[in-house]
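Following: one structure in structure tokens, then a few remarks.
Read-outs: derived from the displayed coordinates by stated rules, not from any lab. Everything numeric here is computed off the predicted structure, so don't read it as measured data. Cβ coordinates were reconstructed from backbone atoms using ideal geometry, including for glycine residues, and neighbour counts include every protein chain displayed.
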Amino acid sequence: MSVDAGQARTWFVKVDGRIYGPYTSPQMRGYISEGRVADYTQVSVQGDGDWKPASDVEILASWITENRESRIAETATENPANLLVITQVNEDASEAVGSVLARYGETVDIVPGVWMVRARTTASVLRNDLSHLLDRDDKLMVVDASRDRSAWFNFATETDAKVRELWRGETPAETQDDNAS
């Protein structure tokens, strides 16, 4: 049965070397809408078969595109925002990040791992879309310079706390006082 024809009755997914499935086509479509299967996710119609990115499978690629366009439309804001995207990722992920950003709007690659994007979305939505591309050691921060908002992914607990304090304009002493009351 041809994977490209979209005729598969069951699908298998490989993540970090582990194989999951079998899943039906409706289940796969659901996983795509939840963001659990993305264009780079390795899929096969057989658990030990030919693995390829979901974007290389016509039916899955169409569902992914449909889902992405729907999500962008649902989260679109009235006015475009200036978003600064800062990453610490491997080279393969960096190319994927740039590709995803280009779907949102005008993009400028400032220096390796840093982009400026003009888009009708929020920092949180963009962070969520990009986080699927990242490994456990990768880091991401999205700053919405137009709306004074930010969103990040994969920061250590201490760094997360410090960023929250700085963003709110708090000093560590103010935070301790707030926690004591």
Practice prompt. Using the Cα centre as the reference, give the magnitude of the dipole from point charges on the C-beta atoms of the chain (Lys, Arg: +1; Asp, Glu: -1; all else neutral), rounded to the nearest 20 debye.
Written response: 420 debye
Practice prompt. Report Rg(Cα)/(2.2 N^0.38 Å) for the chain, keeping two decimals.
Written response: 1.20
Discussion item. Using each residue's phi in segment 32-44, evaluate 6.51 cos²θ - 1.76 cosθ + 1.60 at θ = phi - 60° and report the 3J(HN,Hα) Karplus result to the nearest Hz, with x for Gly and Pro.
Written reply: 5, 5, 7, x, 7, 10, 10, 4, 8, 5, 7, 10, 7
Worksheet item: What ranking of Met28, Met141 emerges when the number of other C-beta atoms within 10 Å of each C-beta is taken as an exposure proxy, fewest first?
Response: Met141, Met28
Response to the item:
Footprinting proxy, Thr24, Thr157: sorted fewest to most Cβ within 10 Å, the residues are Thr157, Thr24
Worksheet item: Which residues' amide hydrogens lie under 5 Å from the amide hydrogen of Ser150, considering only partners 5 or more residues apart or on another chain, with H built in the peptide plane?
Response: Asp144
Discussion item. Rounding to the nearest 10 and keeping the result within 0 to 90°, find how far the Cα-based axis of helix 91-104 lies from the longest principal axis of the chain.
Written reply: 80 degrees
Worksheet item: Using the Karplus equation 6.51 cos²θ - 1.76 cosθ + 1.60 (θ = phi - 60°), what ³J(HN,Hα) coupling, rounded to whole Hz, does each residue of segment 115-130 give in order, writing x for Gly and Pro?
Response: 10, 10, 10, 9, 8, 8, 8, 10, 4, 5, 5, 5, 4, 4, 5, 7
Worksheet item: With the dipole of the chain worked out from charges on the C-beta (+1 for Lys and Arg, -1 for Asp and Glu) around the Cα centre, which of Asn79, Asn154, Ala96 lies farthest toward the positive end?
Response: Asn79
Practice prompt. Provide, as a two-decimal number, the C-alpha radius of gyration of segment 77-180 over 2.2 N^0.38 Å, N being how many residues it has.
Written response: 1.15
Worksheet item: In segment 104-147, how does Rg compare with the Kirkwood Rh, expressed as the Rg/Rh ratio over alpha carbon atoms?
Response: 0.95
